[in-house]
Amino acid sequence: LIKRAYEIYRSRDPAHDTDGYESKDFRDAFTHDLNRPIRFLGLWDTVGAHGIPTYTIGKGFEYLKFYDQNVSNVVHNACQVLSIHERLILLEPCRIYKNSDASLVKIEETWFPGKHLEVGGGILSNNEKISSQSLLWMIGKVQRAGDLLEIKEEYNDDDIQFDNKFTRMLLSFWRLIFLKWFNYIIVFLFTKTILFRDRVIPLYTDETNRNILKRDLIYKNGHWGDSFGDLKSQYSSRAYLELNETMRDAGIDFPPE
C-alpha cells in the first residue's frame with residue numbers, strides 16, 4: 001500500500017494528479033475521514049523542487065514539487081525559518097500561506113542569515129552557529145504553542161558552545177577537501193549565469209502600524225554581529241540590502257527591540 005501511494009505521488013500521469021480519477025479512487029478506498037489536529041508545524045528553509053528531476057519531451061527537466069503551499073486547516077501553528085543568502089535557483093524557497101478555510105491558523109515566517117545548509121543544518125554548513133540558533137528559535141516557538149515539548153533547562157543564543165572535537169575535525173576535513181574547490185568552481189563557472197538569483201524577502205508590515213516592519217520577519221532585526229560575526233564578506237546575495245533599500249524608500253522602520 002505504501003509503495004503504491006508513493007508511486008502515485010511521484011507519477012506525472014494526469015490520472016495521478018491530486019484531482020485525477022485514480023488518485024480519488026485511491027483516497028476513497030484507503031483513507032479515513034479523520035481531521036486530527038496538528039498543533040505545531042515547524043519548517044526549515046523548505047524548497048519546492050526536490051528529488052531527482054525527470055525529463056519530459058517538450059518540457060525538459062522537471063522536479064517534483066509540492067501540490068500547493070497552503071497550510072491545512074488542521075494545523076494550529078506553523079513556523080518557518082528561511083534563508084536570506086541562498087542564491088541557487090534550484091533551492092528557491094517554498095513559503096507557506098493560509099488557505100481560504102484556515103483563517104485560524106497562526107503562521108510565523110522568520111528570515112535568518114546564511115545559506116540553505118547553514119539555516120537548516122548539515123555537514124557541509126560553513127556556519128553551524130546559524131543552524132543552532134534557528135533550532136533554538138524553533139524550540140522557543142514550540143514552547144509558546146503549548147505543552148508540546150518538555151525542556152528541562154532553559155537555553156538562549158549565548159549558551160551555544162561547540163566542544164565536540166570529532167565534529168570539528170569532520171567538518172574541517174569536508175571543508176578542506178570539498179568546499180574549498182567546489183566553491184571556487186561554482187563561483188567561477190556559474191555566478192554570472194541563470195543558475196543563481198537573489199531571493200526576495202517579502203515586505204510585510206505590522207498590522208497596526210504600516211510604517212513598521214512585521215516583528216520577527218528578520219531574525220534579530222539584522223543585528224547578527226554578536227551571534228555570527230561579520231557576514232558582509234561571506235555572501236554575494238544582496239537580498240537583505242535590497243530589503244533595507246525598499247524599506248528606506250517606503251519610510252518603513254524595523255520594530256523596536
The lone condition Asp159 fails out of (1) at pLDDT below 65; (2) within 26 Å of Leu243 (Cα to Cα) is (2)
Take the residues in the range 62-90 that are at pLDDT 85 or above and among the hydrophobic types (A, V, I, L, M, F, W, C), then tell me which one is surrounded by the fewest Cβ atoms within 10 Å (Cβ to Cβ). Leu88
Before we move on, is Ile123 surrounded by fewer than 18 Cβ atoms within 10 Å (Cβ to Cβ), modelled with pLDDT under 90 and of a type outside the set (S, T, N, Q)? yes
When both residues are 6+ apart or on different chains and their Cβ atoms are under 8 Å apart, which pairs have a first residue that lies in the range 237-252 and is within 16 Å of Arg210 (Cα to Cα), and a second that is among the charged types (D, E, K, R) and not in a helix (DSSP H, G or I)? Met247/Asp253; Ile252/Arg210
Every listed condition ((1) crowded, with 16+ Cβ neighbours inside 10 Å; (2) modelled with pLDDT of 85 or more) holds for Ile2 save (1)
Taking into account only those residues within the range 6-17 that are touching a helix residue (DSSP H, G or I) at 6+ places or on another chain (Cβ under 7 Å) and either assigned to a helix (DSSP H, G or I) or at pLDDT 85 or above (or both), which is surrounded by the most Cβ atoms within 10 Å (Cβ to Cβ)? Ile8
What are the residues in the range 18-43 that are farther than 30 Å from Ser134 by Cα, in contact with a helix residue (DSSP H, G or I) (Cβ under 7 Å, 6 or more places away or on another chain), surrounded by 13 or more Cβ atoms within 10 Å (Cβ to Cβ) and not small (Gly, Ala, Ser), if any? Glu22, Phe26
Step by step: first the residues of the range 214-243, then only those that are modelled with pLDDT of 85 or more and basic (Lys, Arg), then the one that is nearest to Phe196 (Cα to Cα). Which residue is that? Arg238
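For Thr246, state whether it is modelled with pLDDT of 95 or more, of a type outside the set (Phe, Trp, Tyr) and loosely packed, with under 14 Cβ neighbours inside 10 Å.
Numbers: modelled with pLDDT of 95 or more: yes; of a type outside the set (Phe, Trp, Tyr): yes; loosely packed, with under 14 Cβ neighbours inside 10 Å: yes.
Yes; evaluated as a whole, the condition is true for this residue.
Would a scan of the range 162-183 turn up a residue that is under 22 Å from Pro93 (Cβ atoms), at pLDDT 55 or above and surrounded by fewer than 16 Cβ atoms within 10 Å (Cβ to Cβ)?
Of all residues in the range 162-183, those under 22 Å from Pro93 (Cβ atoms) come to 183.
Subsequent filtering for residues that are at pLDDT 55 or above retains 183.
Now drop any that are not surrounded by fewer than 16 Cβ atoms within 10 Å (Cβ to Cβ), which leaves 183.
Yes, the range 162-183 has at least one match.
The values are calculated or read from the model by the stated rules, or taken from the named source; none is laboratory data. Here the structure is a predicted model, which is why all the values come from computation and not from measurement. Reconstructed Cβ throughout: ideal geometry from the backbone, glycine too, with neighbour counts over all protein chains shown.
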